[in-house]
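Visitor: Before anything else, here's the structure in question.
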Amino acid sequence: MQEFEYCVPTKILFGPKAEEKTGQVVQAEGVQRALVLYGGGSAVRSGLLARVEASLEQAEITYFVKGGVRPNPRMDFALETVREFREKEIELVLAIGGGSVMDTAKAAAAGLASSPEEMTAAFQGQGVLKRTLGVGAVVTMAASGSETSPTAVLSNGDTHEKLVYTDEKLVPRFAVLNPELTYTTPPLQTACGVADILMHTLERYCSDLGGNALTDGMAEALLRTTLHYGRICLEKPDDYEARSELMCCGSLSHNGLTGLGRNNEFPVHQLSHELSARYDLPHGMSLTILWSHWAQAVRSRIAPRLARLGREVFGIAEPDVDKASADCIHAFAAYFQELGLPVSFAQAPAGVVQDEILYVFASNCTDHGTRPLGVLCPLRKAEVLDVYRAANGAR
Ligand code: NZQ
Ligand code: ZN
């Protein structure tokens, strides 16, 4: 194994009715004043917000509430939140929702502890945050893994950019995971969540670095479990076993465990952020459009690894490594399509994309051609453009 440092400080409260312990866990953090954020209203409609409020009241926590976080969350909204609550002596920001609400909570926590300007600069890659407030999450869908990750992704709507900031200080202090809360996740979002969980593991797995037997085995188990239960979640949305397995996979897929000693470069995520920022596509969908085309582009460099992956995850017995690696990529693409997700621009709501726009995407992913995309399987700007072009045409 390569050298690594690893710290996952998030306390996980998992199981039915876990949200009723939210007040207790906030109190245990020594927090007396919290800001509760939620999204477009699913938490209100399901009664979850009211249950969390009751739990906070029981624990005598003073809290403020703000809704309205949208998918592909906006930096403007996070800044508005900071300005609205900066005089309220908030000590912790509590997200109720999916990745969009959690990421907004992380940004708001950073801005409330420092300043809107420092927070914006950090997300623009122009500084490191000195401090942030704690973040907690009551998670309502299995997808982003933001509940255990050090990352927040916010969009600048004017420039069509996704701004990614990663900092250990952003890792949530606690996450409340009741799989029953995910029963109402719309089918498309469930499918996108499955894809995102798979991709967080695949991106860590698809490199040519050897020597990680334990975490490779964990990654393969995580992928098998997600593939199996992802299907069931779509067939039977209120199947507790399936929803609980998926939720656990979601948190474990992005807490760094399967990437110990690896580069954690996330090239497909970088490619996909161009799409979701410009076309407002769900994150998981923007990944499935691109994954197989990126994998084809680097296949010759990591063929033995893809062949092993295909064998361990899909039972592909093909002895020829080159063919087995291609079969593995096709198997993932077929699975995404089975879930109803696109594997090309042509199949996606935005449709085929003009070449000039693909050129801009390729340029953005490589800082105008000044750096390759990825380290272990680096792709130059022209190769990145070819990936986008391949994604455009395939059906
Ligand atoms: O806003 P509400 O009304 O809650 O509705 C949401 C939203 O419309 C709905 N939803 C969530 N839980 C529900 C539900 N509807 C009914 N019942 C429930 N139980 O689902 C829609 C999508 O929610 P969103 O939070 O956007 O989805 P997701 O969790 O997939 O998060 C996507 C965001 O996470 C970022 C992505 O870039 C994207 O902005 N990511 C964050 C990461 C991180 N912080 O580490 C890593 C990921 O790779 C990802 O990039
Ligand atoms: Zn993701």
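Visitor: Just to confirm the number: angle between the C-alpha axis of helix 99-113 and the first principal axis of the chain, 0 to 90 degrees, nearest 10?
Guide: In the chain, helix 99-113 runs at an angle near 50 degrees to the longest axis.
Visitor: Please report the antiparallel percentage of the DSSP beta bridges confined to the chain, to the nearest 5.
Guide: Values: 7 of 32 bridges.
Of all bridge pairs located within the chain, approximately 20 percent are antiparallel.
Visitor: May I ask for the angle, rounded to the nearest 10°, between helix 267-279 and the longest principal axis of the chain, with both axes built from Cα atoms and the value confined to 0 to 90°?
Guide: Helix 267-279 sits roughly 70 degrees off the main axis of the chain.
Visitor: I need the peptides 196-203, 272-279 ranked by packing, meaning the mean over residues of other C-beta atoms within 10 angstrom, with the highest value on top. If you can, show how the numbers build up before the last one.
Guide: Numbers: 196-203: 26.5, 272-279: 23.1.
Highest mean packing first, the order is 196-203, 272-279.
Visitor: Let me ask you something else. Give the percent of DSSP beta bridges with both residues in the range 11-181 that are antiparallel, rounded to the nearest 5.
Guide: Values: 6 of 31 bridges.
Here the antiparallel bridges make up roughly 20 percent for the range 11-181.
Visitor: Hey, with R₀ at 22 Å, roughly what FRET efficiency would Val360 and Asp76 work out to, going by the Cβ-Cβ distance, to 0.05? Walk me through the numbers before you get to the answer.
Guide: Details: r = 22 Å, r/R0 = 1.02.
Working from the Cβ atoms, E equals 0.45.
Visitor: State the percentage of accessible surface on the range 11-181 attributable to carbon and sulfur atoms; use a 1.4 Å probe and exclude ligands, DNA and RNA.
Guide: 45 percent
Visitor: Then there's this: Express in nm, to one decimal, how much length is gained between His330 and Gln27 on full extension, taking 0.36 nm for each residue of separation and deducting their alpha carbon distance.
Guide: Details: separation 303, 0.36 × 303 = 109.08 nm, distance 4.91 nm.
Length gained, His330 through Gln27: 104.2 nm.
Visitor: So how much slack lies between Tyr6 and Ala213, counting 0.36 nm per residue of separation and subtracting their Cα-Cα distance, in nm? Walk me through the numbers on the way to the answer.
Guide: Values: separation 207, 0.36 × 207 = 74.52 nm, distance 1.71 nm.
The Tyr6-Ala213 span can extend by a further 72.8 nm.
Visitor: What length, rounded to one decimal in nm, is gained on full extension from Arg231 through to Glu318, with 0.36 nm per residue of separation minus their alpha-carbon distance?
Guide: Numbers: separation 87, 0.36 × 87 = 31.32 nm, distance 2.48 nm.
Taking 0.36 nm per residue and subtracting the Cα distance, the gain is 28.8 nm.
Visitor: Quick check: pseudo-label points 7 Å beyond the Cα along Cα→Cβ at Ala382 and Asp367, how many nm apart are they?
Guide: In this crude label model, Ala382 to Asp367 measures out at 2.2 nm.
Visitor: Between the range 302-317 and the range 226-291, what is the C-alpha centre distance in whole Å?
Guide: Using only Cα atoms, the two centres lie 19 Å from each other.
Visitor: If you don't mind, another one. Measure off, as a whole percent, the carbon and sulfur share of the 1.4 Å-probe accessible area of the range 286-395, all protein chains present.
Guide: Numbers: 2510 of 4750 Å².
Accessible surface attributable to carbon and sulfur in the range 286-395 totals 53 percent.
Visitor: So if I place +1 on the C-beta of Lys and Arg and -1 on the C-beta of Asp and Glu, and nothing else carries charge, what would the dipole magnitude of the range 183-393 be about its Cα centre? I want it in debye, nearest 20. Write out the running numbers ahead of the final one.
Guide: Numbers: 17 positive and 24 negative charges, 70 e Å.
Here the range 183-393 has a charge dipole of around 340 debye.
Visitor: Using Cα positions and a limit of under 21 Å, work out the lysines in reach of Lys17, with same-chain residues fewer than 8 apart set aside.
Guide: Counting by Cα, and skipping residues close in sequence, Lys17 has these lysines nearby: Lys236.
Visitor: Still on this structure: Can you give the FRET efficiency to the nearest 0.05 for Thr62 and Ala221, using r as the Cβ-Cβ distance and R₀ = 51 Å? Walk me through the numbers before you get to the answer.
Guide: Numbers: r = 43 Å, r/R0 = 0.85.
Computed FRET efficiency for Thr62 and Ala221 comes out at 0.75.
Visitor: Measure off 7 Å from each Cα along the Cα-to-Cβ vector at Glu89 and Gln337, then give the distance between these two points in nanometres to one decimal.
Guide: Here the answer is 6.1 nm between the modelled labels.
Visitor: While we're on this one: How do 382-389, 306-313 rank on mean C-beta neighbours within 10 Å, highest first? Can you show the working numbers first?
Guide: Numbers: 382-389: 20.1, 306-313: 21.6.
Descending packing order for the listed peptides: 306-313, 382-389.
Visitor: Enter the Cα centre distance for the pair the range 357-393 and the range 115-180, rounded to the nearest angstrom.
Guide: 26 Å
Visitor: Next question, about the same structure. Between helix 75-85 and the chain, what is the angle of the helix's C-alpha long axis to the longest principal axis, kept within 0 to 90° and rounded to the nearest 10?
Guide: 10 degrees
Visitor: Can you tell me the accessible area per residue over the chain, all protein chains present, probe 1.4 angstrom, in square angstrom? Show your work: numbers first, answer last.
Guide: Numbers: 16020 Å² over 395 residues.
Accessible area per residue: 41 Å².
Visitor: Here's another thing I want to ask about it. Order these peptides, 26-37, 94-105, 252-263, by their mean beta-carbon neighbour count within 10 angstrom, highest first. Display every interim value, and only then the final one.
Guide: Numbers: 26-37: 19.8, 94-105: 30.4, 252-263: 22.1.
In descending order of packing, they fall as 94-105, 252-263, 26-37.
Visitor: Taking Lys66 as the anchor, which aspartates and glutamates have their alpha carbon closer than 13 Å to its alpha carbon, excluding any fewer than eight residues away along the same chain?
Guide: The reachable aspartates and glutamates, counting only those whose Cα sits under 13 Å from Lys66, are Glu53, Glu80, Glu84.
The values are calculated or read from the model by the stated rules, or taken from the named source; none is laboratory data. What you see is a predicted model, and the numbers here were worked out from it, not measured in a lab. Cβ coordinates were reconstructed from backbone atoms using ideal geometry, including for glycine residues, and neighbour counts include every protein chain displayed. For accessibility, only protein heavy atoms count, side chains too; no ligands or nucleic acids. Shrake-Rupley method; radii C 1.70, N 1.55, O 1.52, S 1.80 Å.
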